[in-house]
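Student: Okay, handing you the structure first.
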Amino acid sequence: MAEPQAQQVTYNFSGKNVLLVGGTTGIGRATALAFARAGANLYVAGLGAQHGKSLGDEVKAVGKTEYAFLEVDVRKADAMEALHEKAFARFGRIDIAFNNAGMSSRAAPVQDVSEADFYQLIDVNLKGIFLGMKFQVPHMIAKGGGAIVNTSSLFGVMGYATTAVYCASKWGVIGLTNSVALEVAKKNIRVNAIAPGSVMTPLLTDMFGSPQSARDTVLPVIPMGRISDPSEIAQLVLFLSSDAASFITGQAVVIDGGGFVAGADQL
């Protein structure tokens, strides 16, 4: 089935400052470009200085916004603290934070997952988002509010055989999101998560070995019959970050072409 272009809703984030952690590839990169088109200033963190530079070139081509990039390992508290201090100093105020850094692992039964692989997944997918919010929340409280969006997964709301630790890390993201949303609900800060299903990104192909293997595995269980494009997920992030979502907090919004509704019995 043909994969249609995502319809682009027009948002206006002029004058808003966005911190995007995990922005060099896939969903993060598409979201950075969507924010740039909407007029937001961007402070992007991720791995790969060359990716950061090329993203900066693309941002400049689509919008007249400020852009800064810092290469950061989200597993390291001191590096994450420094990132936030630099972002706060650069823009004075961070209005929106998108905590998107994540990784996948090759599918394998739990008994074949090493302890090192376990900790790497938890450190990147869960600890990285914890560290992001740890530094974002005090800043937003001091500045009068803001919006935070965290990246979970369809596998954060349902189990999937051979991805047990990945699922655990993404379920944890939703627990963090729900709890922090309650902590700051009266502080004019909204905290939500996105739970994407299959998106054609390096993360998906790494999990299943190749683009074709990913298609062969997931297409049969997606009712809409296609894998999503990162630009479609970006539109959800912008919505949750915008005033249009002013009464939405503590939610994990599934965006998966109907897979969750169809049920785990298909998997």
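Student: Working only within the stretch 93-115, note down all residues that are over 20 Å from LEU203 (Cβ atoms), surrounded by fewer than 23 Cβ atoms within 10 Å (Cβ to Cβ) and touching a residue at least 60 places away in the same chain (Cβ under 8 Å).
Tutor: Once the filter is applied, which keeps residues that are over 20 Å from LEU203 (Cβ atoms), surrounded by fewer than 23 Cβ atoms within 10 Å (Cβ to Cβ) and touching a residue at least 60 places away in the same chain (Cβ under 8 Å), the stretch 93-115 yields ARG93, ASP95.
Student: Return only the number of the condition from (1) within 14 Å of LEU19 (Cα to Cα); (2) surrounded by fewer than 22 Cβ atoms within 10 Å (Cβ to Cβ) that GLN50 does not satisfy.
Tutor: (1)
Student: Determine whether LEU70 is of a type in the set (A, V, I, L, M), within 20 Å of the chain's Cα centre (by Cα) and part of a helix (DSSP H, G or I). Step through it out loud before you land on a result.
Tutor: On the way: of a type in the set (A, V, I, L, M): yes; within 20 Å of the chain's Cα centre (by Cα): yes; part of a helix (DSSP H, G or I): no.
Considered against the rule, which asks whether it is of a type in the set (A, V, I, L, M), within 20 Å of the chain's Cα centre (by Cα) and part of a helix (DSSP H, G or I), LEU70 comes out as no.
Student: For residues that are touching a Gly at 6+ places or on another chain (Cβ under 8 Å), among the hydrophobic types (A, V, I, L, M, F, W, C) and at pLDDT below 90, tally how many sit in the stretch 228-267.
Tutor: Total meeting the criteria: 2.
Student: For residues that are part of a loop (DSSP other than H, G, I, E, B) and among the hydroxyl-bearing types (Ser, Thr, Tyr), tally how many sit in the stretch 228-267. Please lay out each step first, then the result.
Tutor: At the first step, the residues of the stretch 228-267 found to be part of a loop (DSSP other than H, G, I, E, B) are 229, 242, 246-251, 256-258, 263, 267.
Going one step further and asking which of them are among the hydroxyl-bearing types (Ser, Thr, Tyr), we end up with 242, 246, 249.
Result for the stretch 228-267: 3.
Student: Go through the stretch 160-227 and tell me which helices (runs of 4 or more DSSP H), entirely inside it, have 1 or more residues that are modelled with pLDDT of 95 or more.
Tutor: On the way: elements: 164-184, 202-208, 211-218.
Of the helices (runs of 4 or more DSSP H) lying wholly inside the stretch 160-227, those with at least 1 residues that are modelled with pLDDT of 95 or more span 164-184.
Student: Sticking with this one: Looking at GLY22, is it farther than 17 Å from ILE148 by Cα and touching a residue at least 60 places away in the same chain (Cβ under 8 Å)?
Tutor: Values: farther than 17 Å from ILE148 by Cα: no; touching a residue at least 60 places away in the same chain (Cβ under 8 Å): yes.
Answer is no for this residue.
Student: Out of the stretch 32-55, which residues are more than 18 Å from SER14 (Cα to Cα) and part of a helix (DSSP H, G or I)?
Tutor: Going residue by residue through the stretch 32-55, those that are more than 18 Å from SER14 (Cα to Cα) are 45-55.
Hits for the stretch 32-55 are ALA49, GLN50, HIS51, GLY52, LYS53, SER54, LEU55.
The values are calculated or read from the model by the stated rules, or taken from the named source; none is laboratory data. The structure presented is a predicted model; accordingly, all values stated were derived computationally and were not measured. Neighbour counts are summed over all protein chains in view; Cβ atoms, including those assigned to glycine, are modelled from backbone coordinates with ideal geometry.
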